[in-house]
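**Student:** First, the structure itself, so that you have it in front of you.
The values are calculated or read from the model by the stated rules, or taken from the named source; none is laboratory data. In this text the structure is predicted, and so the values were computed from the model without any measurement. Methodologically, a virtual Cβ is constructed for each residue, glycine included, from the backbone with ideal geometry; neighbour enumeration extends over all protein chains shown.
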């Protein structure tokens, strides 16, 4: 049995899951306006291990949602994951945050476009088919009424910026799924296990989050 701890902190959702052979055993998460990741993350890890009757010594790997997303959230999650991997001498696995978000959509056709808010009308996005295969790489883009105008099939938009997106993305084939807002460690489980079976690991010493854009300090 291969237990993997999955950590998702790229957005306002602080999410932890424990998976056994790719299936989520326990998941604990909370989405708060104030980004409480630093306070909640290690508490959640202790809680789900206790609920599962396991210890950190039972873990075969740690998986981290690598971004793009919140600079602070990513730093907190990656630091925790690297610290655990180093202390336990187990592999580090990284997972595309937008892939995790897309995984929450179950449709038989069309395209899935997960988006993470990057302020104003800019978003981090990628395009996946109905089988969750990436067909357009992650990018930072400014949305306009011409965005995705050449796509004729149904497009499902998910993420934390749907409200502002609807003001410019108005084509009849555009469908917004407001119930899917944040990526979750629950959907990381099958992705991280597949990478584990392929020995697709990161270098613990040198791995950095995928910020996509440089950090910008702004006034409140």
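**Student:** Identify all residues within segment 161-172 that are within 18 Å of residue 102 (Cα to Cα) and part of a loop (DSSP other than H, G, I, E, B); write none if there are none. Show your work before the answer.
**Tutor:** To start, the set of residues in segment 161-172 that are within 18 Å of residue 102 (Cα to Cα) comprises 161-163, 165.
Within segment 161-172, 161 is the sole residue that qualifies.
**Student:** May I ask you to list the residues in segment 13-32 that are in a loop (DSSP other than H, G, I, E, B) and at pLDDT below 95? Walk me through how you get there before you give the answer.
**Tutor:** The first filter runs over segment 13-32 and keeps only residues in a loop (DSSP other than H, G, I, E, B), leaving 21-22, 32.
32, the sole residue that qualifies.
**Student:** Tally the residues that are in contact (Cβ under 8 Å) with a residue 24 or more places away in the chain and assigned to a loop (DSSP other than H, G, I, E, B), restricting the search to segment 174-191.
**Tutor:** Residues flagged as in contact (Cβ under 8 Å) with a residue 24 or more places away in the chain and assigned to a loop (DSSP other than H, G, I, E, B) within segment 174-191 amount to 6.
**Student:** Moving on to the next point. Just one of (1) modelled with pLDDT of 95 or more; (2) touching a strand residue (DSSP E or B) at 6+ places or on another chain (Cβ under 6 Å); (3) not assigned by TED's automatic domain parsing to the domain that holds residue 79 trips up residue 172, so point out which.
**Tutor:** For residue 172, the failing item is (2).
**Student:** Of all residues in segment 185-199 being in contact with a strand residue (DSSP E or B) (Cβ under 7 Å, 6 or more places away or on another chain) and more than 12 Å from residue 92 (Cα to Cα), which is surrounded by the most Cβ atoms within 10 Å (Cβ to Cβ)?
**Tutor:** To start, the set of residues in segment 185-199 that are in contact with a strand residue (DSSP E or B) (Cβ under 7 Å, 6 or more places away or on another chain) comprises 185-186, 188-189, 191-193, 195-196.
From what is left, the residues that are more than 12 Å from residue 92 (Cα to Cα) are 185-186, 188-189, 191.
Values: 185: 32, 186: 21, 188: 30, 189: 26, 191: 21.
Ranking the candidates gives 185 first.
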